[in-house]
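Quick notes on the structure that follows.
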Amino acid sequence: MPCVGNTVKKGNGTSGIARALQTIGRDFHARGWVLGTSGNFSAVVSRSPLRLAVTASGVSKADLTAKDLLIVDSDGELVGAAAGKPSAETRLHLAIEEARGASAILHTHSVWSTMLSERHAAERGLALTGFEMLKGLEGVRTHEHAEWIPIIENDQDIGRLAAEVGATLARFPGAHAFLLRRHGLYTWGDDLAQARRHIEILEFLLETTGREASWPS
C-alpha cells in the first residue's frame, strides 16, 4: 500500500491496511480487548527499506482513521512530515518484525490476558494444550500441541524491553505470542488476517484457561 507523508493512504477494496485496521479496531474494542486507548497495531508497508504502518499513541482503536496510522522506519522514526506520535511500543513491533519476519502485529489488552500474565508470572510463561482451538494457530495440526506463551516483565524503558522481546522470541522460536506482565497479549502473522485469527484463538484460549482455573475443585 502506498503512503503519503507519514500516514497510510487507503488502498482500493477491503485489503487496504487502513480499512483493515479500522475494522479490526472496532471489532476488538467491541469485544473488550482494546478499551480506552489501550492496544496497538501495525502492518508492514514495504520491506526494503522497511516501512511500518503503526497506530498513533493515545487514540481509541474503535475510532481509527487513516490519520491515526503513521509510517515509521526501521528505527521507529516517522517518515515524512510529523503529524502525530507513533505508539510508545513501536520498538516492540519492530523487534517482533525482525525476529519473526511478521507482516502484521497486533497487541490487545484484555482482562484475561492481563490477569493470566500476573497469575503465571512466577513461571515466566503459560502452557496451553489439549484445546481444539489450538489448530487455529499457524502450523499447528493437532489439539495435542503444547503452546508455550512466554511472559515478559513490563518495563518503561522501551529500548530495554524491545531487546528482551527479541531475546525471548529467540529462546522460543515456536511461540506464536507472548504476554507482557499486567499489560496484555502480542501476536503476529504473515498478514493481518492471520494475525487477527491468532488474536481470536489466543484470547479464546486465555479466557477459557482463566475460567477453568476458577472452577471448584
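The values are calculated or read from the model by the stated rules, or taken from the named source; none is laboratory data. Note that the coordinates shown come from a computational prediction; the quantities given were computed from them, not determined experimentally. A quick note on method: Cβ atoms are made from the backbone with ideal geometry, for glycine too, and the neighbour counts reach across all protein chains shown.
Points worth noting:
- Hey, residue 176 surrounded by fewer than 19 Cβ atoms within 10 Å (Cβ to Cβ) and either in contact with a Leu (Cβ under 6 Å, 6 or more places away or on another chain) or under 26 Å from residue 25 (Cα atoms) (or both) or not: no
- Only residues that are in contact (Cβ under 8 Å) with a residue 40 or more places away in the chain and surrounded by fewer than 19 Cβ atoms within 10 Å (Cβ to Cβ) were counted across region 52-77, and they come to 3.
- Candidates 136, 159, 174 - the one that is touching a His at 6+ places or on another chain (Cβ under 8 Å) and of a type outside the set (S, T, N, Q): 136
- Of the listed requirements (1) in contact with a helix residue (DSSP H, G or I) (Cβ under 6 Å, 6 or more places away or on another chain); (2) outside any loop (DSSP other than H, G, I, E, B); (3) surrounded by fewer than 17 Cβ atoms within 10 Å (Cβ to Cβ), residue 206 misses just one: (3).
- Hey, residue 163 at pLDDT 95 or above, farther than 22 Å from residue 195 by Cβ and in contact with a strand residue (DSSP E or B) (Cβ under 8 Å, 6 or more places away or on another chain) or not: no
- Those residues of region 157-179 which are part of a strand (DSSP E or B) and either over 21 Å from residue 140 (Cβ atoms) or touching a residue at least 40 places away in the same chain (Cβ under 8 Å) (or both), in sequence order: 179
Per-residue answers, yes or no, for (1) modelled with pLDDT of 95 or more; (2) more than 11 Å from the chain's Cα centre (by Cα); (3) basic (Lys, Arg):
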{"residue": "171", "(1), (2), (3)": "yes, yes, yes"}
{"residue": "178", "(1), (2), (3)": "yes, no, no"}
{"residue": "188", "(1), (2), (3)": "yes, no, no"}
{"residue": "192", "(1), (2), (3)": "yes, no, no"}
{"residue": "196", "(1), (2), (3)": "yes, no, yes"}
{"residue": "211", "(1), (2), (3)": "no, yes, yes"}
{"residue": "215", "(1), (2), (3)": "no, yes, no"}
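- Flag if residue 211 is in a helix (DSSP H, G or I) and in contact (Cβ under 8 Å) with a residue 12 or more places away in the chain: no
- The set of residues from region 109-147 being surrounded by 16 or more Cβ atoms within 10 Å (Cβ to Cβ) and free of Cβ contacts under 8 Å to residues at least 60 places away in the same chain comprises 120, 125, 140, 145, 147.
- Residues located in region 91-108, provided they are within 21 Å of residue 58 (Cβ to Cβ), in contact (Cβ under 8 Å) with a residue 60 or more places away in the chain and surrounded by 22 or more Cβ atoms within 10 Å (Cβ to Cβ): 92, 94, 105, 106, 107, 108
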